[in-house]
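Worksheet: one structure, shown below.
The values are calculated or read from the model by the stated rules, or taken from the named source; none is laboratory data. Model, not experiment: these values are computed from the prediction. Note: ideal-geometry Cβ built from the backbone for every residue, glycine included; neighbour counts use all protein chains shown. Surface areas here come from the heavy atoms of the whole protein model, side chains and all, with no ligands, DNA or RNA. Shrake-Rupley method; radii C 1.70, N 1.55, O 1.52, S 1.80 Å.
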Amino acid sequence: AGIMERSEVKKGGITFGNDNAGNGDAGLSAQTAGSAGVMERMGVQKTGITFGNDQAGAGTADLTAQTAGSAGVMERSEVTSQGITFGNSAAGAGDAGMTAQTAGSAGVMERSETTKQGIAFGAAAGSS
């Protein structure tokens, strides 16, 4: 209660806040100006559905580094056969061997053998 000064309300009504604070102005502050005065603004010379394209100019269908993806970087093999197995045919058949990605913790963590089965096998194996 002793931090901010409180002024007496001398007048009630819809304009009492403005009467106490004073009139503002319509000037732009740095906070409300946005890019005004920084970015160039072009006059709209033509209206209609194509006015943006008329101002900016027509684009091209060229690929950019952003839209190209891996074009020109990764090798692309030709699709020689179609059908449900064309991916496997092009890549070659795999094997059931484990890789570092699919192995999980095999070969890293110790595995205990289960000697007892049933609903309590985990508790029984941990207590031995």
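Worth pointing out:
- Whole-Hz ³J(HN,Hα) from phi, Karplus 6.51 cos²θ - 1.76 cosθ + 1.60, for the stretch 77-85, glycine and proline x: 8, 6, 7, 9, 9, 10, x, 5, 9
- Charges were assigned to the Cβ only: +1 to each Lys and Arg, -1 to each Asp and Glu. The resulting dipole of the chain about its Cα centre is roughly 380 debye.
- Ligands, DNA and RNA left out, the 1.4 Å accessible surface of the stretch 1-91 is 54% carbon and sulfur atoms.
- Simple label model, 7 Å out from Cα along Cβ direction - Asn53 to Thr102, nm: 5.0 nm
- The chain, accessible area per residue, ligands and nucleic acids excluded (1.4 Å, Å²): 99 Å²
- Most mobile listed residue (Val38, Val79, Val108) in the chain, GNM with C-alpha springs under 10 Å: Val108
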